[in-house]
There are 2 protein chains.
Amino acid sequence: MLSAACKESIRAMIYITHAGGERKIIPVKDVAEKLDTSFYFLAKNVQKLVKAGLLFSYKGPKGGVKLAKKPEDIKLIDIVQAIDGLEFFETCLLGFKECSDEHPCAIHHKWADKRRAIYKMFSETSLKEIVEDMEKLCIDVIF
Amino acid sequence: MLSAACKESIRAMIYITHAGGERKIIPVKDVAEKLDTSFYFLAKNVQKLVKAGLLFSYKGPKGGVKLAKKPEDIKLIDIVQAIDGLEFFETCLLGFKECSDEHPCAIHHKWADKRRAIYKMFSETSLKEIVEDMEKLCIDVIF
DNA sequence: TATATTTAAGAATAAAGAGTCTTAATTCTT
DNA sequence: AAGAATTAAGACTCTTTATTCTTAAATATA
């Protein structure tokens, strides 16, 4: 459902929120190390997050990225939209080309419920909430 | 979430149920024509459905496929499992490697709800129900 | 100013998924 | 028995996604 790039981007955003938030600049290299992933791959996805207005970036020594908004104002759906787009929430589960609310396939309404619930969860869950929950539950923010 | 192959396979199974069910043998070529899709691609996926025990196949003139079970006994989840596998239902939404019920990530429980609801829907919805609904609602079985 | 550090951009490569084709095996019909 | 129809199997190509790398641009610091 989420691409590898999108999952990694969300994990990265969680880490950035935890480690620096809106204040401290974190080098992408550090993020890649913490996530135990490819710097190259991560850096490319981070560029999309910058273009989408979710991160500010700074070049040069002491450079890196930080949140462009308050953690409570960045929702999971924003990251999904920036990386994968919202096609998942807009197309028929079975690929019927003409399926719509007015001309539904046989599982359209059942699926619409589930999809709406997922969309709701993604648009209500903020980075702030995630990070606070993880800290509260003594869960490693990244693992 | 579902691959193109899986969506098409479900549509094909719906059509086969509608057109022949357990009784009548339908050539894959006819299915491809009705679905307005590639015979080659469909045929390859149909092979998986045969191997998974969802379809019987018959070679030669008058050959084709028919359901290997009663339409009420074939659930969407069976098709998903045959084509895509169940990985979606078994792995962390964010790709945290060690995420589990015992060691959950911050959205594990929220997501587990949604995923369970989807699984439930997929394992409760049978081909019989889908086809009957479409016929009842005067929806083209394939469109 | 020179150097080192870091992101930006895009090229290059690898892997996976999608889609096509060819040949073999089977089986109905004549 | 021969020919035609149909699935089975696997090779092949194309597209997309994932991943790596190279070069350019920006900037802090000595």
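For region A:96-116, the condition of being touching a Ser or Thr at 6+ places or on another chain (Cβ under 9 Å), of a type outside the set (S, T, Y) and within 21 Å of A:I14 (Cα to Cα) holds for none of the residues. Filtering region A:70-99 to residues that are surrounded by 16 or more Cβ atoms within 10 Å (Cβ to Cβ), among the charged types (D, E, K, R) and away from every other protein chain (no Cβ under 13 Å) leaves only A:D78.
Scanning region B:20-31 for residues that are within 13 Å of DNA strand D (Cβ to nearest atom) and touching a residue at least 40 places away in the same chain (Cβ under 8 Å), which turns out nearest to B:D73 (Cα to Cα)?
Within region B:20-31, the subset within 13 Å of DNA strand D (Cβ to nearest atom) is B:20, B:24-31.
Filter once more, so that each one left must be touching a residue at least 40 places away in the same chain (Cβ under 8 Å): B:20, B:24-26.
Details: B:G20: 15, B:K24: 17, B:I25: 18, B:I26: 19 Å.
The selected residue is B:G20.
Only one of the listed residues (B:L55, B:L67, B:L42) is under 21 Å from B:M134 (Cα atoms) and open to solvent by less than 30 Å² (accessible area, probe 1.4 Å). That residue is B:L67.
Selection of region B:46-86 for residues being within 10 Å of DNA strand D (Cβ to nearest atom) and part of a helix (DSSP H, G or I) yields B:V46, B:Q47, B:K48, B:L49, B:V50, B:K51. Residues in region B:100-142 that are surrounded by 15 or more Cβ atoms within 10 Å (Cβ to Cβ), out of contact with any helix residue (DSSP H, G or I) (no Cβ under 6 Å at 6 or more places or on another chain) and not in a helix (DSSP H, G or I): B:P104, B:C105, B:I107, B:I139. If you filter region A:32-69 down to residues that are within 14 Å of chain B (Cβ to nearest Cβ) and without any contact (Cβ under 8 Å) to a residue 40 or more places away in the chain, you find that the one that is farthest from DNA strand C (Cβ to nearest atom) is A:D36.
The values are calculated or read from the model by the stated rules, or taken from the named source; none is laboratory data. Note that this is a predicted model, so its numbers are computed, not measured. Neighbour counts are summed over all protein chains in view; Cβ atoms, including those assigned to glycine, are modelled from backbone coordinates with ideal geometry. When the accessible area is computed, the model is the full protein with side chains, heavy atoms only, and any ligands, DNA or RNA have been set aside. Shrake-Rupley method; radii C 1.70, N 1.55, O 1.52, S 1.80 Å.
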